[in-house]
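So the structure is just underneath, and the comments pick up after that.
The values are calculated or read from the model by the stated rules, or taken from the named source; none is laboratory data. The model shown is predicted, which means the values in this text are computed figures rather than measured ones. Neighbour counts run over all protein chains shown; Cβ positions are idealised from the backbone, glycine included. To get the accessible areas, we keep the full protein, side chains included, count just its heavy atoms, and leave off ligands, DNA and RNA. Shrake-Rupley method; radii C 1.70, N 1.55, O 1.52, S 1.80 Å.
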Amino acid sequence: MIRDITIGQYYPGKSVLHRLDPRMKLILTFLLIVTIFLCKSFFSLGLIALTAVIAAAISSVPAKMMLKSLKPIVIILVFTAVLNIIYTEGGTVYFEKWGIAITEKGVNTAIFTMIRIVTLVIISSLLTYTTTPTMLTDAIERVLSPLKIFKIKVHTLAMMMTLALRFIPTLIEEIDRIMNAQKARGADLESGGIIQRAKALVPIFIPLMVSSFRRAYELAFAMTCRCYTGGEGRTRMKQMKLAFRDFSALVLCLAITAGVVVLNHFFEAVI
Amino acid sequence: MSFAIETVNLTHYYSKGTVQQVAAIDNVNLQIEKGELVGIIGHTGSGKSTLISHFNGLLKPDSGKVLVDGVDIWKDKETLKQSRFKVGLCFQYPEYQLFEETVYKDIAFGPKNMKLSEAEIKERVLRAAEFTGVKAEHLNKSPFDLSGGEKRRAAIAGVMSMEPEVLIFDEPAAGLDPRGRKDLTELIKNYRKQTGSTVIVVSHSMEDIAGMADRIIVMNNASVAMQGSVDEVFSKGGELREMGLNVPEITEIFAKLRARGIDVPANVYTVEQGEKILRSLIEGRSAK
């Protein structure tokens with residue numbers, strides 16, 4: 001059923017990761033992602049992968065949900081692994097036939113890249129698992145607010161993001177309703193070729209567009225009625241405050257980045 | 001003779017297989033006879049809408065059966081498709097389903113899906129438009145240029161043009177003014193009278209239901225709590241109130257009059273009925 005699609009994958013909880021300041025979480029996620037790409041040896045990569053796994057354990061997000069977020073990238077993983085194995089050469093040759101050589105370096109690179117991608121996904125999905133979409137857009141607004149100097153309307157952009165997220169479930173409900181209404185009039189959405197199916201969507205999308213515009217106008221009107229004039233001089237109900245744990249997390253992450261750089265220096269590089 | 005619609009131990013769950021699994025309708029056994037005008041009442045979340053979505057196979061029962069004209073609609077794909085045409089469902093705020101370039105084309109959408117001939121389609125569209133009061137000069141207009149009430153009529157015509165054996169209305173008068181409400185009630189009553197088809201109306205408004213239904217089905221907590229004639233159901237005001245429902249306002253007024261010792265009948269359900277009784281009462285007094 002269309003209703004089962006989850007938007008934003010927030011998993012409610014009370015772990016340290018949930019309680020971290022969203023701004024700090026956003027910055028730290030960014031820092032860790034950069035760190036992943038700094039890794040050159042298995043040891044430094046191991047350190048950051050271990051960090052990701054421990055963080056996932058602390059987050060109290062069930063392992064099943066974490067695995068679910070890895071599911072969509074399986075194809076990418078296999079694809080990159082195969083390409084790496086085939087096109088990277090060097091070291092001991094394990095297998096050679098039909099002009100394809102599988103070498104030690106190829107296998108190493110493949111494993112390295114796979115671990116790197118998995119770690120990347122774990123860290124970035126931890127952010128979305130432990131932060132509600134609204135908190136996240138709020139954090140993006142704050143983090144990007146220095147861009148105001150360049151006359152970029154950060155607040156407006158963040159508000160647009162919040163509203164878009166807010167209306168996704170509403171639109172899904174609406175699609176559901178319109179689909180049922182058209183099915184009740186005998187619309188056939190399930191059979192026929194691609195063109196026929198695309199045509200069958202017309203009776204769904206036109207009413208959807210119409211109601212989306214109506215909603216947008218109504219919302220704009222309601223916001224105007226409540227004197228919304230954009231970001232200028234706007235205060236917030238939920239103030240974000242950096243706590244001790246945020247700074248501890250920052251120090252920890254910086255230490256990990258430093259560790260990665262040091263390990264890179266002492267061990268043989270894979271890539 | 002088979003029933004227009006019959007349900008056998010019909011059960012449907014929401015969020016099946018998760019911790020939040022709840023029965024939206026639980027073991028419902030109903031028979032709706034051909035040519036009947038049935039009203040379904042129940043508070044929000046009592047399972048009314050889920051129930052009627054089963055009648056034309058929009059929802060698949062988790063257990064139990066839905067029989068239309070004695071045939072299980074989930075028997076095969078073709079039967080299911082035919083059931084959509086046999087049982088017309090007009091949703092709440094049907095004007096949000098309009099999409100075609102012209103009102104004519106929109107009303108023709110259903111008949112077209114039935115693969116009828118061009119001539120037959122035209123006949124049906126004109127008939128439905130006339131019946132619902134869609135003006136002839138509006139047929140070539142964009143449906144989005146009509147007023148709210150006109151859109152509603154056009155959308156209802158879009159379901160009626162399929163000329164289903166059973167026509168179901170979910171909250172047909174939602175969002176209409178009193179005049180629109182009354183017109184629509186008349187329209188539904190006339191439709192039944194002229195076509196002789198089975199009509200099911202789901203509503204929150206006890207007045208609307210009291211004014212047209214032959215029989216009332218009361219839904220509460222996912223199952224049928226009560227069913228019977230207008231008299232039988234509305235005479236149980238106490239039970240209805242316990243379910244978060246009520247009797248028509250006019251019935252309450254008459255109950256209060258009785259409480260004050262004025263001799264009026266208790267089974268008054270429509271304003272017209274009440275008006276007659278009060279007038280004769282006043283005339284009787286002035287005659288003295």
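Flag: B:Gly35 matches the condition of being more than 14 Å from every other protein chain (Cβ to nearest Cβ), open to solvent by 20 Å² or more (accessible area, probe 1.4 Å) and under 18 Å from the mean Cα position of the chain (by Cα). Filtering region A:86-106 to residues that are of a type in the set (Val, Ile, Thr) and either at pLDDT below 80 or open to solvent by less than 50 Å² (accessible area, probe 1.4 Å) (or both) leaves A:Thr88, A:Thr92, A:Val93, A:Ile100, A:Ile102, A:Thr103. The residues of region A:191-201 that are on the phi < 0 side of the Ramachandran plot and either in contact with a Ser or Thr (Cβ under 7 Å, 6 or more places away or on another chain) or open to solvent by less than 70 Å² (accessible area, probe 1.4 Å) (or both), listed by number, are A:Ser191, A:Gly193, A:Ala198, A:Ala200. With respect to the conditions (1) open to solvent by 60 Å² or more (accessible area, probe 1.4 Å); (2) modelled with pLDDT under 90; (3) in a loop (DSSP other than H, G, I, E, B), B:Glu163 lacks only one, and its number is (2). State whether one or more residues within region B:180-191 are of a type outside the set (A, V, I, L, M, F, W, C), more than 15 Å from the chain's Cα centre (by Cα) and either within 14 Å of another protein chain (Cβ to nearest Cβ) or open to solvent by 60 Å² or more (accessible area, probe 1.4 Å) (or both). No, every residue in region B:180-191 fails to be of a type outside the set (A, V, I, L, M, F, W, C), more than 15 Å from the chain's Cα centre (by Cα) and either within 14 Å of another protein chain (Cβ to nearest Cβ) or open to solvent by 60 Å² or more (accessible area, probe 1.4 Å) (or both). When we screen B:Thr44, B:Thr50 for residues that are open to solvent by 40 Å² or more (accessible area, probe 1.4 Å), out of contact with any Gly (no Cβ under 7 Å at 6 or more places or on another chain) and β-branched (Val, Ile, Thr), the only hit is B:Thr44.
Pairing each residue of region B:185-209 that is under 16 Å from B:Arg153 (Cβ atoms) with any residue that is aromatic (Phe, Trp, Tyr) and modelled with pLDDT of 90 or more, provided the two are 6+ apart or on different chains, yields C-beta distances under 9 Å for B:Leu187/B:Phe131; B:Ile188/B:Phe169; B:Asn190/B:Phe131; B:Tyr191/B:Phe131. Can you find, within region B:74-98, the residue that is farthest from the other protein chains (Cβ to nearest Cβ) among those that are without any contact (Cβ under 8 Å) to a residue 60 or more places away in the chain, over 14 Å from B:Ile156 (Cα atoms) and not in a loop (DSSP other than H, G, I, E, B)? Of everything passing the filter in region B:74-98, B:Thr79 is farthest from the other protein chains (Cβ to nearest Cβ). Among the residues of region A:173-188, those that are more than 10 Å from every other protein chain (Cβ to nearest Cβ) and open to solvent by 30 Å² or more (accessible area, probe 1.4 Å) comprise A:Glu173, A:Ile175.
Return the residues of region A:120-138 that are outside any helix (DSSP H, G or I) and within 13 Å of A:Met24 (Cα to Cα); say none if nothing qualifies.
Scanning region A:120-138 gives a single hit, A:Thr131.
For every residue, the table says whether it meets (1) within 18 Å of A:Lys183 (Cα to Cα); (2) assigned to a helix (DSSP H, G or I); (3) within 14 Å of chain A (Cβ to nearest Cβ).
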| residue | (1), (2), (3) |
| --- | --- |
| B:Glu100 | yes, no, yes |
| B:Asp106 | yes, yes, yes |
| B:Leu116 | yes, no, yes |
| B:Ile121 | no, yes, yes |
| B:Val125 | no, yes, yes |
| B:Asn140 | no, no, no |
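Within region B:240-259, identify whether any single residue is assigned to a loop (DSSP other than H, G, I, E, B), touching a helix residue (DSSP H, G or I) at 6+ places or on another chain (Cβ under 9 Å) and over 17 Å from B:Asp208 (Cα atoms), and answer yes or no. Checking region B:240-259: not a single residue is assigned to a loop (DSSP other than H, G, I, E, B), touching a helix residue (DSSP H, G or I) at 6+ places or on another chain (Cβ under 9 Å) and over 17 Å from B:Asp208 (Cα atoms). As for region A:152-162, it holds no residue that is in a helix (DSSP H, G or I), open to solvent by less than 50 Å² (accessible area, probe 1.4 Å), among the β-branched types (Val, Ile, Thr) and modelled with pLDDT of 85 or more.
Counting only helices (runs of 4 or more DSSP H) that sit wholly inside region A:181-271, those with at least 3 residues that are at pLDDT 85 or above and among the polar types (S, T, N, Q) are A:202-225. Here region B:63-73 is the region considered, the condition is being touching a residue at least 40 places away in the same chain (Cβ under 8 Å) and touching a Leu at 6+ places or on another chain (Cβ under 9 Å), and the residue that is surrounded by the most Cβ atoms within 10 Å (Cβ to Cβ) is B:Val66. As a summary of the residue check, A:Arg214 satisfies the conditions (1) open to solvent by 40 Å² or more (accessible area, probe 1.4 Å); (2) more than 14 Å from chain B (Cβ to nearest Cβ) except for the one numbered (2). Of everything listed in (1) open to solvent by 60 Å² or more (accessible area, probe 1.4 Å); (2) more than 10 Å from chain A (Cβ to nearest Cβ); (3) modelled with pLDDT of 90 or more, the single unmet condition for B:Lys112 is (2).
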